[in-house]
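*Asks:* Next up is a structure, given as C-alpha cells.
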Amino acid sequence: MNSTDPDDPIADALLGESTYERLRVERYALIKRRIPQKLVYQSVLLLSLALVVPITATYPSAVRAAFPGGDPLWASPLVLWVGVYAGGIELGTAACLVAVAIVRRRREPQLSEAEAHTLLNVEDVASMFGLATGGFAIVLTVGFFLLGHTGGETFQAVIDSAPRNPYGQAGVSVPVIAVGTAAAVSSGVVYLFSRYLAPETA
C-alpha cells in the first residue's frame with residue numbers, strides 16, 4: 001500500500017490508493033482503530049478471561065467449599081457460562097476481522113466502493129460485538145469470580161441474595177480450568193494474527 005504522507009495518517013488515507021482506508025476515515029465509527037489493534041484488544045480480553053484459573057486456584061478454603069465438589073478449578077459453575085459465551089463471541093468476531101483484512105489485502109487496489117462499504121460494515125459489527133458485548137461479558141465473569149476473594153461472608157451473601165446460585169453446578173459440565181486454558185491459547189492465536197496483519201495496515 002503506497003503512502004503519501006506517513007506523518008498525517010488521515011491525509012495519507014484520503015489521498016492514497018486504498019478505497020478501504022479512504023472510506024474508513026470518512027465514515028463514522030465508534031471504534032476507529034485498525035484491525036490489528038482491535039485484535040490486540042481482543043487478545044487482551046481473552047487473556048483476562050483466562051485469569052479465572054489463578055483466581056479460583058487461590059480461593060480460601062471457605063470459598064472453595066461452596067463450589068460443587070469443593071474444587072473450583074474442576075467445577076462448572078453457572079456464571080462460567082457467561083465467560084464461555086464471551087469467549088465464543090471474541091473468537092467469532094476476531095475471525096470476522098481477520099477475514100475482512102485478508103479479503104481487503106487480496107482485492108486492493110481493485111476494491112470497489114460498494115465492496116469496501118460491505119467490508120467496513122462487517123468490521124464495525126464485529127468490533128462492537130467483540131469489544132463491547134464480549135468485553136462486558138468477560139468483565140462480568142471475572143468480576144463474579146473475584147468475589148471469592150472478598151471473604152467467605154460476602155461470597156455467601158451474594159449466593160443467598162441471588163435467585164439462583166451463580167456458583168452452582170451448570171447442566172453441561174465445562175470446568176473452569178478448561179475454559180481458562182482455552183482462553184489463554186485463543187489469546188495467543190488472536191495476538192499472532194494481529195502481528196501477521198500489522199505490516200499491511202501500518
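*Asks:* For an R0 of 25 angstrom, estimate the FRET efficiency from the Cβ-Cβ distance between ASN165 and ALA132 and round to the nearest 0.05.
*Replies:* Taking R0 as 25 Å, the efficiency between ASN165 and ALA132 is 0.30.
*Asks:* Tell me, what % of the accessible area of the chain is carbon and sulfur with a 1.4 angstrom probe?
*Replies:* Taking all protein chains in place, the chain shows 65 percent carbon and sulfur surface.
*Asks:* So what's the angle, to the nearest 10 degrees on a 0 to 90 scale, between helix 35-50 and the longest Cα principal axis of the chain?
*Replies:* Roughly 10 degrees, rounded to the nearest 10.
*Asks:* On a full-extension model of 0.36 nm per residue, what is the gain between ALA99 and ARG27, subtracting their alpha-carbon distance, rounded to one decimal in nm?
*Replies:* 23.9 nm
*Asks:* To the nearest 10 degrees, how steep is helix 134-146 against the longest Cα principal axis of the chain, on a 0 to 90 scale?
*Replies:* So the helix axis and the longest Cα principal axis differ by about 20 degrees.
*Asks:* What value does the chain have for Rg/Rh, both radii from Cα atoms and Rh as Kirkwood defines it?
*Replies:* Expressed as Rg/Rh, it is 1.12.
*Asks:* Which FRET efficiency value, to the nearest 0.05, is calculated for ASP71 and LEU140 with the Förster distance at 35 angstrom and r the Cβ-Cβ distance?
*Replies:* Working: r = 23 Å, r/R0 = 0.66.
Once rounded, the FRET efficiency stands at 0.90.
*Asks:* For the pair HIS117 and VAL185, how long in nm is the line joining their label points, each one 7 Å along Cα→Cβ?
*Replies:* Rounded to a tenth, the inter-label distance reads 4.2 nm.
*Asks:* Also, I was wondering about something else. Tell me the accessible surface of VAL125 in square angstrom (1.4 angstrom probe, heavy atoms of protein chains only), to the nearest ten.
*Replies:* Accessible area of VAL125: about 80 Å².
*Asks:* For the chain, modelled as a GNM with alpha-carbon contacts under 10 angstrom, which of ASP71, ASP124, ASP160 fluctuates the most?
*Replies:* ASP160
*Asks:* For segment 144-202, take the alpha-carbon Rg, divide it by the Kirkwood Rh, and send me Rg/Rh.
*Replies:* Details: Rg = 18.3 Å, Rh = 14.8 Å.
Using Cα coordinates only, the ratio equals 1.24.
*Asks:* Roughly how many Å² is the accessible area per residue of the chain, as a whole number, for a 1.4 Å probe?
*Replies:* Computed with neighbouring chains in place, this is 51 Å² per residue.
The values are calculated or read from the model by the stated rules, or taken from the named source; none is laboratory data. Source: prediction; values computed, not measured. Note that we place each Cβ from the backbone using ideal geometry, even for glycine, and neighbour counts take in every protein chain shown. Quick note on the areas: whole protein, heavy atoms, side chains included, nothing else; ligands and nucleic acids left out. Shrake-Rupley method; radii C 1.70, N 1.55, O 1.52, S 1.80 Å.
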